[in-house]
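Chemist: Below are the structure tokens for one structure; questions will follow.
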Amino acid sequence: MMSGLMLVFLFIAIGFMIEVESEKTKMRDVAKSYKDYKVNLNEAIYEEFEEDLKGWDAEITKDNRVVFHSPKVLFEVSQSEIKKEFKTVLQDFFPRLLQVITSQEYKKEIAEVVVEGHTSDKWESTTSQKQIYLNNMHLSQNRAFEVLSFCYSLEHEIVTKNREWLEKYFRANGMAFAKLKEQEKARRVEFAVRLRSEERLYEILQN
């Protein structure tokens, strides 16, 4: 009787170890896929915009974010209407970004493209922290939406061809000062490109 129970427990233990090893292998494969796509996409985006970054006062981060600084070029203080200078930049930038991420190599791997609006942690002469937060959240939401709306509405061949795709994967998000940097870089707009393999990795870790 005891020998039979020991065999049962042994088979259960073996089965559990096989399952654990299978999950570890799956996680390694997904992690490698995520790293490869992330690095390759980063190189593709950087190669596309390398010569423009200085003139736009923009940067490309290693996690595939294109960050636009120069608040005086982006919007008027406390306003969400896009300035003419930034519209000119977006007219050039967005179709080219879209062409890279919807290429055959990356299109099926894109989980979403998010426009983020970021603000400082101040609001004119207001001292109420609650009102400062709410005002900046409202402003950052509006700015992110205005940028998304402008880009989505561009009458450019690449944009019009991919409008249905954009409706599924293009998002706007107001961040207020949740990711506050030094004050001169607080007021900014970011385009974040997220990958499906990143989501799959999180799912495996959660399970």
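Chemist: Check Leu195: other-chain or 5+ apart residues with amide H under 5 Å from its amide H, H built from backbone geometry?
Modeler: Ala111
Chemist: Calculate the length of the line joining the C-alpha centroid of segment 150-179 to that of segment 93-149, in whole Å.
Modeler: Answer, in whole Å: 10.
Chemist: GluC sites (Glu not before Pro) within segment 102-207: which are DSSP loop residues with at most 15 other Cβ atoms inside 10 Å?
Modeler: For GluC sites (Glu not before Pro) across segment 102-207 that sit outside H, G, I, E and B with at most 15 neighbouring Cβ atoms in 10 Å, the list reads Glu105, Glu124, Glu155, Glu182.
Chemist: If the chain between Glu81 and Lys62 were fully stretched, how many nm would it gain, using 0.36 nm times the residue separation less the Cα-Cα distance?
Modeler: Length difference between fully extended and current span is 3.9 nm.
Chemist: Hand me the trypsin sites (Lys or Arg not before Pro) from segment 152-186 located in a DSSP loop with no more than 16 other Cβ atoms within 10 Å, in residue order please.
Modeler: Answer in residue order: Lys179, Lys181.
Chemist: What list of ³J(HN,Hα) values in whole Hz, one per residue of segment 43-59 in order, does the Karplus curve 6.51 cos²θ - 1.76 cosθ + 1.60 (θ = phi - 60°) give from phi, with Gly and Pro shown as x?
Modeler: Computed from phi, the couplings for segment 43-59 are 5, 5, 5, 5, 4, 5, 10, 3, 6, 9, 4, 5, x, 8, 6, 10, 9 Hz.
Chemist: Among the lysines, which fall within straight-line cross-link reach of Lys35, defined as a Cα-Cα distance under 25 Å, with same-chain neighbours fewer than 8 residues apart omitted?
Modeler: In chain and number order, the partners are Lys24, Lys26, Lys62, Lys107, Lys108, Lys168, Lys179.
Chemist: Starting from the Cα of Lys87, draw a straight line to each of the lysines and keep only those under 23 Å, dropping any in the same chain fewer than 8 residues away.
Modeler: Partners found: Lys54, Lys72, Lys161, Lys185.
Bear in mind these aren't lab numbers, they're just calculated from the coordinates by the rules spelled out. These figures come from a predicted structure and were not determined experimentally. Neighbour counts are summed over all protein chains in view; Cβ atoms, including those assigned to glycine, are modelled from backbone coordinates with ideal geometry.
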